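Only one structure is covered here, and it is reproduced in the block below.
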Amino acid sequence: MPMTFKEFQTWMETDEGKNFGRTKCNICHEFLDALDEQEPYYVNKKRVCSDCYYGEFGKLIDEQGGIGVPHKSGHGCSGDLD
């Protein structure tokens with residue numbers, strides 16, 4: 001059943017109305033902020049907020065002991081970062 005304009009205004013003042021259509025983080029279950037909506041983060045193919053994304057990324061680094069390619073030495077590798 002359609003709402004009247006007055007009913008709609010009243011509904012929009014409720015938490016349900018204010019958050020209608022917003023996405024929640026699949027880890028902390030908080031609503032995603034505008035930046036997280038524009039540039040989505042995913043963990044296990046589920047939308048998450050940036051705080052939870054980087055938290056999970058930190059856990060992964062702790063578990064694996066680092067990220068990236070192991071350092072090579074030898075021909076063509078001077079070791080300088082410049």
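Kindly check whether there is at least one residue in region 56-75 that is at pLDDT 95 or above, touching a strand residue (DSSP E or B) at 6+ places or on another chain (Cβ under 9 Å), among the hydrophobic types (A, V, I, L, M, F, W, C) and outside any loop (DSSP other than H, G, I, E, B). No: region 56-75 contains no residue that is at pLDDT 95 or above, touching a strand residue (DSSP E or B) at 6+ places or on another chain (Cβ under 9 Å), among the hydrophobic types (A, V, I, L, M, F, W, C) and outside any loop (DSSP other than H, G, I, E, B).
Restricting region 30-49 to residues that are assigned to a helix (DSSP H, G or I) and aliphatic (A, V, I, L, M), which is surrounded by the fewest Cβ atoms within 10 Å (Cβ to Cβ)?
Within region 30-49, the match that is surrounded by the fewest Cβ atoms within 10 Å (Cβ to Cβ) is ALA34.
Look through region 9-26, keep the residues that are closer than 23 Å to LYS45 by Cα and either surrounded by 13 or more Cβ atoms within 10 Å (Cβ to Cβ) or at pLDDT 95 or above (or both), and return whichever of them is nearest to the chain's Cα centre (by Cα). Here the answer is CYS25. If you go through region 50-61 and keep only what is exposed (fewer than 15 other Cβ atoms within 10 Å of the Cβ) and among the hydroxyl-bearing types (Ser, Thr, Tyr), you end up with just TYR54. Scanning region 1-29 for residues that are among the polar types (S, T, N, Q) and not in a loop (DSSP other than H, G, I, E, B) yields GLN9, THR10.
The values are calculated or read from the model by the stated rules, or taken from the named source; none is laboratory data. The shown structure was predicted, so the numbers you read here are calculated from the model rather than taken from an experiment. Ideal geometry is used to build each Cβ from the backbone, glycine not excepted, and the neighbour counts take in all protein chains shown.
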